[in-house]
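Below is one structure; the comments refer to it alone.
What follows is calculated from the coordinates using simple rules that are stated; it is not laboratory data. This structure is a prediction, so every number in the text was calculated from the model and none was measured. Because the Cβ atoms are built from the backbone with ideal geometry, glycine has one as well, and the counts that use them run over all protein chains shown.
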Amino acid sequence: MAQQELLERRIPLIDVDPLALLGANDSYLQLIEQRFGASVTVRGNTVILRGEPGEIQALETLFQELLYLLRRNGQLSPEDVATVVDLVTVGNLLPVHQGGVDEDVVFMGRQAPIRVRTSRQMEYWRQVQTHDVVFAIGPAGTGKTYLAVAMALAALRRNEVSRLILSRPAVEAGESLGFLPGDLQEKVDPYLRPLTDALLEMLGPDKLRNMTERRLIEVIPLAYMRGRTLSNAFLILDEAQNTTIGQMKMFLTRLGRNSKAIVTGDITQIDLDDPSMSGLVDVQTVLRNVPGIAFVYFDRNDVVRHRLVTEIIAAYERSQQARRDSPSDASTNGR
């Protein structure tokens, strides 16, 4: 049997500190070499890969992703490297600029482009481009909310819409928020922080403040959307598993002419007293076959956050499955 031909690829490190990429004492490089059989050497500002075609392709994807994260965040952590290695190993990470220059870039942020990183994120992006309402359902860490904000900002920048409306249900405060101290903004800040954090990262504080003052961006609790008709707008409803059936209907019927909506949530983290009344659970049956509406489902293999998030999700799934498989205490003790 003929030996497979070895390939060589060179990755230039332009405007990048090799130490930041490879880690102190090459610790990140060693972690990579433990998982791949190909040769990885560094000469000056060039990474040289040599090995079988399949591994070389995977390593090119891996290093391009690490360079993307390094330029976006200014640094790499051991967890970043481990997560990227895991994603590449299972084949979930897309090569940078797959299919053409900048095809994977969703929004040009102030520090670095925001791009899709996995095949499921690519499906998510394409569904938003072709549908007016998209539901993104899955566990934490899969990029559902972060990408939703990026896609909304991109639509605003292209003048496809004239404003963004971002919302979350404030379940813990019963949607009234009245007993909390401070003005409205101070009351709702804790519940809306994940949305404003994403906006701050992509726009910076000055631009976000300017756009908020001009009412181009509104970040509001779900209760304050009642009675409005939102035309020429991009709506995002985050943490939608904590909406009631009535609240979900209320949100979706806010859509006016030339508007789009993304609804994100995780049905394994419902905080309602009666999880069966979750609007996100109910809507999957009610709107399943409605034209113009799409559902995208993420799972733990799509997690792009800390690698332990994947393990945590898997552990909870095993625990839940074990409880489903074992007889309930009620059936045992209620005789």
Counting Lys and Arg as +1 and Asp and Glu as -1 over every other residue whose Cβ sits under 11 Å from the Cβ of residue 41, the net charge comes to 0
Would you mind checking which residues have amide H under 5 Å from residue 133's amide H? H placed 1.01 Å from N; only 5 or more apart, or other chain. 261, 294
Net charge, residue 54 excluded, C-beta distance under 13 Å - Lys, Arg +1, Asp, Glu -1: -3
Rounded to the nearest 0.05, what FRET efficiency is calculated for residue 323 and residue 257 with R0 set to 45 Å and r the Cβ-Cβ distance? 0.45
What whole-number volume per residue, in cubic angstrom, does the convex hull of the C-alpha atoms of segment 12-170 give? 144
If each residue of separation counts as 0.36 nm, what is the full-extension length gain between residue 27 and residue 207 once their alpha-carbon separation is subtracted? 61.0 nm
Taking H placed 1.01 Å from N in the peptide plane, check which residues at least 5 places from residue 42 or on another chain put their amide H under 5 Å from its amide H. 48
Defining a contact as two alpha carbons under 8 Å apart and six or more residues distant in sequence, what relative contact order in percent does segment 1-80 show? 36
Can you give the Kirkwood hydrodynamic radius of segment 196-305 from its Cα pairs, in Å with one decimal? 15.7
Expressed to one decimal in nm², the mean projection of the alpha carbon convex hull of segment 1-64 is 4.5
Extension gain from residue 6 to residue 297, taking 0.36 nm per residue of separation minus the Cα-Cα distance: 100.9 nm
